[in-house]
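The values are calculated or read from the model by the stated rules, or taken from the named source; none is laboratory data. The structure displayed is predicted, hence computed values, not measured ones. Heads up, the Cβs are rebuilt from the backbone with ideal geometry, glycines too, and the neighbour counts pull from every protein chain shown.
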Amino acid sequence: MSSLPVSRLPVSRLIVVIVAALGLLSVVPAMAQEEQSTAPYAYRQLEDPAKEEKAQSLMETLRCLQCQGQSIADSDAPIAGSMRSLVRERIAAGEDPEAIRSWLIERYGDYVSYAPQLTSLTWPLFAVPAFLILLAVLLLRRRFRRGGEQ
Amino acid sequence: MSEQTPPKAPRWAIWLPLALFVAFVALVMIGLYRPADRNVASTLVGKPMPEFQLPPALPGRPGLDSRQFANGSPHLVNIFASWCLPCRVEAPQLAALAKAGVPIEGISVRDTTEALQGFLAEHGDPFQRIGADDDGKVQLALGSSGVPETYVIDGKGVIRYQHIGEIRPEHIPMILDKLKEAAQ
């Protein structure tokens, strides 16, 4: 009475159900298949190793917009491919990495960059630790002085 | 031994660590229960459309040139793709907008001609022009982070609104309002 209805299914039927479910799973992602980026440098490094290194270090600090925990250097999302190609082509054309970063920030906001920028909104992030260290030094000095006198 | 007594803290101070802890937990709970907004909005809203020229996505049909937007009347620019499932969901709404006389320009992202033709045959073709953004560069230039996205462009070529995700039936009046605002 208390047993679940599933346990009454014959094993062979259960297998059929599992196989059907697996088949369905493999169909769904296939429908959502996105074309990989056809941009020239999405999966190809620059010929000049010095420039590729420059591009690589910039790509490691840019966020993939689709898989937001990853940098575009790590991500296999098609939009990350497009972004990599954009970075490499602009570096190859001699553009400064920070100019490319600000071009992207202009479009997507600070969120696209993993390297924090010092702005009117973010200055407390930099100021508070400095202030706390200063406070700690002052307090400790007072304490050590007092200890010395005793 | 020493007569020196530490300065006495007020009685209520004993509750201070607990109060700080409770405040911290409250902050974490608020963060946990508020649904996270993972959309990355374009910061180009209110700014002119970036310049671009896209080749035609379909043979015999015009491509898309950003200079076509500054013709005095507002446009919708729909970023879509045949591989994008929500684009199928929004197809009837785009058809309704096109029927209402809204000029809709398409940008197909990372797509192929065959797949695109199949998609338009199945879900309808509300587009005046479709530009092929095969390498996704124009999508990046527009500050778009996914498909579908729809931009309202005014008659001077300035981006007035960005709609992230599919246009659902309940969004149509709002889109029409945005177009009306852009026409003023």
Which members of segment B:5-43 meet the condition of being within 14 Å of chain A (Cβ to nearest Cβ) and under 30 Å from residue B:150 (Cβ atoms)?
-> B:36, B:37, B:38, B:39, B:40, B:41, B:42, B:43
Restricted to segment B:161-177 and to residues being surrounded by fewer than 20 Cβ atoms within 10 Å (Cβ to Cβ) and of a type in the set (D, E, K, R), the residue nearest to the other protein chains (Cβ to nearest Cβ) is B:168
With respect to residue A:45, determine if the residue is at pLDDT below 95, more than 26 Å from residue B:149 (Cβ to Cβ) and either more than 9 Å from chain B (Cβ to nearest Cβ) or in contact with a helix residue (DSSP H, G or I) (Cβ under 9 Å, 6 or more places away or on another chain) (or both).
-> yes
Answer yes or no: is there a residue in segment A:71-80 that is within 11 Å of residue B:145 (Cβ to Cβ) and surrounded by fewer than 22 Cβ atoms within 10 Å (Cβ to Cβ).
-> yes
Going by the structure shown, is residue B:18 of a type outside the set (Gly, Ala, Ser), assigned to a helix (DSSP H, G or I), at pLDDT 95 or above and loosely packed, with under 10 Cβ neighbours inside 10 Å?
-> yes
Go through A:107, A:143 for me and flag whichever is more than 30 Å from the chain's Cα centre (by Cα), within 13 Å of another protein chain (Cβ to nearest Cβ) and surrounded by 10 or more Cβ atoms within 10 Å (Cβ to Cβ).
-> A:143
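Among A:99, A:115, A:127, which is closer than 30 Å to residue B:41 by Cα and either assigned to a loop (DSSP other than H, G, I, E, B) or touching a Leu at 6+ places or on another chain (Cβ under 8 Å) (or both)?
A:115
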(1) touching a residue at least 12 places away in the same chain (Cβ under 8 Å); (2) at negative phi: which one isn't true of residue B:125, the others all being true?
-> (1)
